[in-house]
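Everything on this sheet refers to the single structure shown next.
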Amino acid sequence: MGLGRFVTSFVSMHPAVAYTSRANAFRTDRDDRALHLAAFATVIGGAILAALAMARRKRVRGDLGEFILLETPTRNGSILAFRRRSASPTGPTVVIETGLLSTQAHFEWIASRLHNAGVSVVQYYRAGYGPSRKQQNDASEYSIDSSVRDLEDLVASGCPDPGKLFLVGHSFGSEIIRRYAAPDRADPRLAGLIYIDPSHPAELNHSDTQRSGISKLTSGIQSFKVGTSFGLGSLLSRPAWILALPEPVQARAYDEYADARLWQTGFREWSGIRQEFQAFEGAVSSVPFPCLLASAEQTVAADQVQRDLHQDLVDAHQYPSRLTTIPKSNHDSILTSRSHAHAVAEEILRFMSEITR
Amino acid sequence: MNRGIAGKVLDFVACGVVASYVAVTFWNQYPHHSFNRMRGADPFSLIPNWRFFAPDPAGHDYHLFYRLVDQEGTATSWHLLEIVAARNPFQTLWFPGRRDEKAAFDLASDLLPIITGPMPDVATTAPAFRLMAASMRSRLSADHPPRYPGFQFSLVRDSGFDQESEPEVLFASPFITFGQ
């Protein structure tokens, strides 16, 4: 293993060790100013990181931009921030449901493309993300149905247009919109569902790839949560997916990514999702609406089980549901890469036109 | 007098540099590799890492095997390509041969995520594969009998002295000609 290099490493430490030894402890020419200054500089460094984290939190929670807060809290007591980019009042409306640990910026390519094509687009932050807040002092465990209730209340209050309604969900967000579309509670305007590389409630039990990733994902989220909670968010390097987003939303995306709220909320959600998915048995119930399912090529190429689960989701929906694969995309790039996201947007527009024809 | 002031200023600057270095070092020890923004501005890797061996200690050795293939397509048996040099005390002072082992290990580490990733077919276009193939071609071409126009190599991982786990063949290359 080339351990020879440690010989020189250890020898190089000798002067420092000798300086701190008992024989030198009471020398009159001993100078410990550097040590004290180092401790001071370390404290100052921590204070700067904490100040940056506080300023970032203020921006994430307080700087709404084009988003507005829902006037009344949802039945869960959540106060949701949402943005409606209206096109025609009688035309279709798309409501976007993000995945676990996602920012709204993730959907910027798709949302802009849909809006430019004349579709009204509603985006919102789930409770705990960005400026949205869950009920104060709510220490309860997360349940997927609580997010479904919030989505119902958001659609009821934030989507007044009478046109057809489509729900778009990425990853775990797909499970929320699938449950929303249950026959007993769906909005009568609902016309179709669009799943983008979706989660399937049976995936943790059926897919070895997903199952083996549980502990890695849990420890990864935990690590981000602890680091950002200690104010180290400013030390996070800017990931490639942020640099792939439209330039105007990159700063906001980084703020949300480096803020502890995203990781705290994500960890709470993941704990609840994991429990519910692991307890899932049987088949997904049939959904009385058509769907479009866009798989990321790398997701289904890497795991045949995942491909089968995607097909299973499509089979649970009404005609004319279909499955499409976005070439070369992966689970994240299907949203964050311009070319992949635009390919998805084109598929969505085609699907909506088939349904509303 | 002036010299005394200059000395004090120099002392202060030196203390400031050391103090800043300690502070930067301290705040860059969080274990998750994504918290590495300052390391991006550190091209000479001056910010040390507290972990003793490496960020992710190696748990396996990699070995390269090859076999020669004749014009009829018949292959010889697999042979181990000797990369690891025998150790002696002098290597503590001078050990350039270590670079071969390190390069083979690093290339294997680069290739592994591609082999085990969603698109293993693209492994033969990866720089790590091409470097490996070129290196083996250069080593084998000098003394291979002319009736063998090419070779194939494989990458094997084992856990060294740990006898619990079996060696694992990670990758077998396609046929590679010496003339390429």
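The values are calculated or read from the model by the stated rules, or taken from the named source; none is laboratory data. Only a predicted model underlies this, so the values are computations on that prediction, with no experimental measurement involved. Note that each Cβ is placed from the backbone with ideal geometry, even for glycine, and that neighbours are counted across all protein chains shown. Surface areas here come from the heavy atoms of the whole protein model, side chains and all, with no ligands, DNA or RNA. Shrake-Rupley method; radii C 1.70, N 1.55, O 1.52, S 1.80 Å.
Accessible area ranking (1.4 Å probe, heavy atoms, ligands and nucleic acids excluded), largest first, for A:Thr72, A:Thr336, B:Thr76, B:Thr92: A:Thr72, B:Thr92, B:Thr76, A:Thr336. Expressed as a whole percent, the accessible area of the range A:245-339 that falls on carbon and sulfur atoms is 49 (1.4 Å probe).
Once the Cβ-Cβ distance between A:Asn137 and B:Lys8 is put in as r, and R0 is 56 Å, what FRET efficiency do you end up with, to the nearest 0.05? Between A:Asn137 and B:Lys8 the formula returns 0.50. Just how far, in whole angstrom, is the range B:12-43 from the range A:262-292 if you go by their alpha carbon centroids? Cα centroid to Cα centroid, the span is 41 Å.
In this rough spin-label picture, where each label sits 7 Å from Cα along the Cβ direction, the B:Thr124-A:Ala55 distance is 5.4 nm. Rolling a 1.4 Å probe over the protein heavy atoms gives the range B:61-177 an accessible area of 62 Å² per residue. Summing +1 for each Lys or Arg and -1 for each Asp or Glu among the other residues whose beta-carbon sits under 13 angstrom from that of A:Ser174 gives -3. Taking a ≥ b ≥ c as the square roots of the eigenvalues of the Cα gyration tensor, the range A:59-356 is classed as rounded, since a/c falls below 1.5. In the protein assembly as shown, the DSSP-assigned H stretches of four residues or longer account for a calculated mean residue ellipticity at 222 nm of -14000 deg cm²/dmol, using -39500 (n - 2.57) per stretch and the full residue count as denominator. Under the simplified labelling scheme, the A:Ile48-A:Ser286 pair shows an inter-label distance of 6.4 nm, with each label point 7 Å from Cα along Cα→Cβ. Give me the residues in the range A:40-79 whose solvent-accessible area, probe 1.4 Å, is reduced by at least 50 Å² once all protein chains are included instead of the chain isolated. Checking the loss per residue gives A:Thr42. The long axis of helix B:98-115 is offset from the longest Cα principal axis of chain B by roughly 70 degrees. Once the C-beta distance of A:His115 and B:Leu170 is scaled by a Förster radius of 41 Å, the resulting FRET efficiency is 0.30 to the nearest 0.05.
Look at the stretch B:90-102: the mean tally of other chain Cβ atoms within 10 Å of its residues' Cβ atoms is 2.
Just checking the listed ones, A:Glu256, A:Glu108, A:Glu141: in the Gaussian network model of chain A with Cα springs under 10 Å, the one fluctuating most is A:Glu141. The loop-placed trypsin sites (Lys or Arg not before Pro) in the range A:54-151, going by DSSP, that have at most 13 neighbouring Cβ atoms within 10 Å of their Cβ come out as A:Arg75.
Computing FRET efficiency as 1/(1 + (r/R0)^6) for B:Glu82 and B:Ser45, where r is the C-beta to C-beta distance and R0 is 22 Å, gives about 0.10.
Summed over both chains, the accessible area lost when B and A associate is about 2600 Å², using a 1.4 Å probe. For the range A:189-283, a/c is not less than 1.5, where a ≥ b ≥ c are the root eigenvalues of the C-alpha gyration tensor, and a/b does not top b/c. That puts it in the oblate class. Each residue was assigned an accessible area with a 1.4 Å probe, and for A:Met13 the value is about 110 Å². Distances between placed amide hydrogens fall under 5 Å for A:Glu97 paired with A:Val168, A:Gly169, A:His170, all partners being 5 or more residues away or on another chain.
Among A:Ser337, A:Ser78, A:Ser271, the largest mean-square fluctuation in a Gaussian network model of chain A (Cα springs under 10 Å) belongs to A:Ser271. Convex hull volume per residue, computed on the Cα atoms of the range A:1-135, equals 250 Å³. A 1.4 Å probe run over the range A:194-295, with the rest of the protein chains in place, finds 38 Å² accessible per residue.
In terms of its C-alpha gyration tensor, the protein assembly as shown has an oblate overall shape, because the principal axis ratio a/c (a ≥ b ≥ c, square roots of the eigenvalues) is not below 1.5 and a/b does not outweigh b/c. Residues considered: B:Phe105, B:Phe153, B:Phe26. Largest GNM mean-square fluctuation over chain B, using C-alpha springs under 10 Å, is found at B:Phe26. Extension gain, A:Ser271-A:Thr8: 0.36 nm per intervening residue step, less the Cα-Cα distance, totals 89.9 nm. Between A:Ser21 and A:Ser86, the modelled labels are 8.1 nm apart [label points 7 Å from Cα along Cα→Cβ].
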